[in-house]
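Below: one structure, written as structure tokens.
The values are calculated or read from the model by the stated rules, or taken from the named source; none is laboratory data. Given the structure is predicted, the values throughout are model-derived calculations rather than measurements. Cβ placement follows ideal geometry from the backbone for every residue including glycine, while neighbour counts extend to all protein chains displayed. Side chains are part of the model used for accessible areas, which takes the heavy atoms of the whole protein and leaves out ligands, DNA and RNA. Shrake-Rupley method; radii C 1.70, N 1.55, O 1.52, S 1.80 Å.
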Amino acid sequence: MLRKKNRTIEIFDGAYGTELSKLPQAQDRLVEELNITDPEVVIKLHRDYIDSGADYITTNTLSVNPAKWECDTLSWDKVALAAIENVQKATEGTKVKVFFNISSSGKLMEPIGDFTFQSAYNNFKQVVDITKDSVDGYLLETFTDLYEIKAAILAIKENCQLPIFATMTFDESGLTLTGSSPEIAALTLTSLGVDVIGANCSTSPQYFVEIVRRMKKHTHLPILIQPNKGLPLMNHGNISYNFTDKEFSEWIEQIIRAGAWIVGGCCGTTPSTIRYISKFKELIPVPLQINQGTYICSATKLLRLEKGVICGERLNPTGNKKLKEALLESNYDYLQREALIQEEAGADFLDLNTGVANSDEKELLCQATKKIQEICDLPLQLDSSNVDALEAAIRIYNGVPLINSINGDDDSLNSMLPILAKYGTPAISLTLNENGIPNNSKERLEIAKKIIRKAGEYNIPCNKLIFDALVMTISSNQDHGNVTLQSLKELKKIGVLTTIGLSNISFGLPDRSLLNSTFLAMALTSGLDIPILNPLDKKAMNVLRAYRALSGIDTNCEKYISFNTNNNQEKVGDNLYSSVVWGLKDSIKMNLQEELSKNSKEKIIDSILIPALNYVGVKFENKELFLPQLIKSAEAAKLAFDTLSDIIVQTKADSDNSQDKPKGSIILATVRGDVHDIGKNIVKVLLQSHGFQVIDLGKNVSKAKIAEKYLQHTPSAIGLSALMTTSVQSMTDTIHYLKTKEISCPIIVGGAILTADISLAIGAQYYAKNALEAVDTMNKICNNKK
């Protein structure tokens, strides 16, 4: 952890990949292999960083984990142990701390890919098992997926007691590859109980100033920042960076003043760079702060729990026969539709309950959580009385959920509070105990105070608890409503957030919507903050919208005006276009059959499928939806294209129709020396969904293999990917080699470290900044051939 005796800025080391790749020993091999083949050069670089003032030294192990490692001659575990031995030799006799460097698996996590949460957990656990006795802590860095870094954090925390520093990488828009903001990253990583959070790699150092400011609002932890040394440049065939050490250090100073406690360097930084920033070691860091707000999030949506926020109640099988049947039949398409319908109706987050008799609630809740998060970006309230089911669902939830619920019964508190403390999740707290629901507000208030006291014993702050004043139907006792209203007033006096399940009030009575909406107005004026209601109940929603406008919660009445002027929303999944846009694969075949009864195959493609994909593409470019939704939409469209071919009986004339043939073909490969293929795999899915044939050669592919496969398939284009700066030279060599073999087809390049200028300099005809640009480029290439 941070050295408490000296609360000053601390310094991490700089880059290993970009430094070691310059050496002749690193040619045609991964830089991590040098830990065994040429340990002296690795040890020297460690010592150079120590001599430059680094307080923390990391192992040369960025690609060393079982899922990512690509070397036939050396095993990942031997490389990992050799890397630790090298850094121990370098740090012997010093006070420098040794942190094992762990990066991502290089796999696409579910639901975008098929790498499961448990698979990711097991991958990182294997690393921890063989390294935990030989290092001072772990540095998780260059993660682009919030879900994967959560798996890595749990794998470390549950298998050792060492400190964890967790950092993610963001693009120029301030988002990770899968759409998580700095605020969401900070909230989630902090909730999981790591020791330090932060960001690394990403873009130029100037962008990190704002990232630190945004993270700082959602964490009480120290922040670690390790930027690249600017953007890569191609200079006489060599990669350099557009910042000098002095310029880099000037931005590091601003990053420190924004709130970073620990600073270092990523790609392009050298021992000289670290020496430059070591002058900041005597600076006193900006004080840490504790955020008093209550937040939950999905991977892409952050929500502050406050007055006027709506929880949708329709994902609860109690009294809902259709939902009960859907759960028993594992009909998750029904759940996905219900979630999206509530989102469209105005819910801010959703209650999810899968408690059905004669079912495995733990399995159902986990599967339902994953299925809804595939398709809907609203945060979830996980609702169950089954402790095992709740913990299992919290574990695989992508982000920070709300838990429903705990109560004043000692058994409930003793079983649930440790779970809330472990995962940092807020919880609905029911004002009842082992004796049931008190019939007066005084006793309910006493239960709330007990829950607050007990939560404090687990260091759970009061702002993590939302108290349910409890609603019982007035059909059995007409005073029930008054007791709830008085309980809300008493709870607000002790300064807590409040909630109720609104529809309980009208059970067993006619015109329930009228009773619900009237009681909602009464409850809001009595202290209700967060109603749990049916967002399709127009009367209740109109009351809530009006209340928010009249009370000033809805600034400038913007949402009230918007709703009353734009209330013609298309029903979710009711047609083929909508199913593609929302990525509802289970609805595709039914909707496609309906369209085929009215329209030709060509019209369906030109007037429905392509426009739907274009609409989603625009939303993605505008950051209105993110990679998971883009991929789900692409997969739905691909299913539609594939189904069209399967269900139509082809005549010979049909088989000659160009609509049935691939629009074009492309070889995709991550170049030799680079074991990252997340970007390439995303491009593959998008190209296939748009009707292109993809020959995927994988990662760490030699130039000879690419040439061989070209001659075998003669595709319309070759697509080369590289994530690491050290791979640009390999990409350059590959392009040159292909030209010497007189392979003249268009070459498209892409990857986080590439720019249009570099692409041109290394001989590529096209540069694709992202997957959608790759699709556009292929369309241009294939259209020009016609």
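Could you give the accessible area per residue of the range 24-80, probe 1.4 Å, as a whole number in Å²? Provide the component values of the computation, followed by the final result.
Working: 2190 Å² over 57 residues.
That works out to 38 Å² per residue.
Could you sort out which of Lys623/Lys663; Lys321/Lys559; Lys324/Lys585; Lys229/Lys281; Lys68/Lys703 sit more than 24 Å apart by Cα distance in this structure? Working shown, then result.
Working: Lys623/Lys663 28 Å; Lys321/Lys559 33 Å; Lys324/Lys585 21 Å; Lys229/Lys281 19 Å; Lys68/Lys703 20 Å.
Too far apart for the 24 Å limit: Lys623/Lys663; Lys321/Lys559.
All other residues with a Cβ under 12 Å from the Cβ of Cys160 taken together, and with Lys, Arg as +1 and Asp, Glu as -1, what is their net charge? All intermediate terms of the calculation are to be shown ahead of the outcome.
Values: positive: Lys125, Lys132, Lys157; negative: Asp129, Asp133, Asp136, Glu158.
Around Cys160, the charge tally is -1.
Which of the GluC sites (Glu not before Pro) across the range 214-290 are loop residues per DSSP, with 13 or fewer other Cβ within 10 Å? Each step should come with its number before you reach the end.
Values: sites: Glu247, Glu250, Glu253, Glu282; in loops: none.
Those that pass, being in a loop and sparsely packed, number zero.
Going by the alpha-carbon gyration tensor, a ≥ b ≥ c the square roots of its eigenvalues, is the range 124-274 rounded (a/c under 1.5) or, if a/c is not under 1.5, prolate (a/b greater than b/c) versus oblate?
On the way: a/c = 1.81, a/b = 1.47, b/c = 1.23.
It is prolate, given that a/c is not under 1.5 and a/b is the larger ratio.
Take the alpha carbon atoms of the range 338-352, find their center, do the same for the range 154-202, and report the distance between the two centers in whole angstrom.
Answer, in whole Å: 27.
Multiplying the sequence separation of Asn575 and Leu288 by 0.36 nm and subtracting their Cα-Cα distance, what value in nm do you get?
Working: separation 287, 0.36 × 287 = 103.32 nm, distance 5.13 nm.
That works out to 98.2 nm of additional length.
If a/c stays under 1.5 just call it rounded; otherwise compare a/b with b/c (prolate if a/b is bigger, oblate if not). Do that for the range 320-457, with a ≥ b ≥ c from the square roots of the Cα gyration tensor eigenvalues. Intermediate values should be presented prior to the final figure.
On the way: a/c = 1.87, a/b = 1.77, b/c = 1.05.
Prolate, because a/c is 1.5 or more and a/b exceeds b/c.
If you roll a 1.4 angstrom probe over the protein chains with everything in place, what fraction of the accessible area of the chain belongs to carbon and sulfur, to the nearest %?
Roughly 49 percent, rounded to a whole number.
Can you list the HN-Hα couplings for the range 444-449, worked out from phi with the Karplus curve (6.51, -1.76, 1.60; θ = phi - 60°), rounded to whole Hz and with x for Gly and Pro?
4, 5, 5, 5, 4, 5
The range 133-220: which GluC sites (Glu not before Pro) are DSSP loop and have at most 15 other beta-carbon atoms within 10 angstrom?
Details: sites: Glu141, Glu148, Glu158, Glu172, Glu183, Glu210; in loops: Glu158, Glu172.
Hits after loop and neighbour filter: Glu158, Glu172.
Report the relative contact order of the range 57-160, percent, no decimals, based on alpha-carbon pairs under 8 angstrom and at least 6 residues apart.
On the way: 150 pairs, mean separation 33.4, N = 104.
RCO, the range 57-160: 32 percent.
Output the antiparallel fraction of DSSP beta bridges having both residues in the chain, as a percent to the nearest 5.
Working: 9 of 77 bridges.
Taking every DSSP beta bridge within the chain, about 10 percent pair in antiparallel fashion.
How large is Rg over Rh for the range 1-134, taking Rg from the Cα atoms and Rh as the Kirkwood inverse mean of 1/r across Cα pairs?
Values: Rg = 15.8 Å, Rh = 15.9 Å.
Over the Cα atoms of the range 1-134, Rg/Rh equals 1.00.
Considering only the other residues whose Cβ falls under 15 Å of the Cβ of Ala80, what net charge follows from Lys and Arg at +1 and Asp and Glu at -1?
Numbers: positive: Lys68, Lys78, Lys125, Lys132; negative: Glu32, Glu33, Glu70, Asp77, Glu85, Asp129, Asp133.
Cβ neighbours under 15 Å give a net charge of -3.
Along the range 288-300, what does the Karplus equation 6.51 cos²θ - 1.76 cosθ + 1.60 (θ = phi - 60°) give for ³J(HN,Hα), rounded to whole Hz, x for Gly and Pro?
Running phi through 6.51 cos²θ - 1.76 cosθ + 1.60 with θ = phi - 60° gives 5, 9, 10, 7, 8, x, 10, 10, 10, 7, 9, 5, 10 Hz.
Which one, Gln688, Ile608, Ala469, projects farthest toward the positive side of the charge dipole computed for the chain from Cβ point charges (K/R +1, D/E -1)?
Most positive-ward Cα: Ala469.
If contacts are Cα pairs under 8 angstrom and at least 6 residues apart, what is the relative contact order of the chain in percent? List each step's numbers first, then the result.
Values: 1558 pairs, mean separation 72.6, N = 786.
Averaging sequence separation for qualifying contacts and normalising by length gives 9 percent for the chain.
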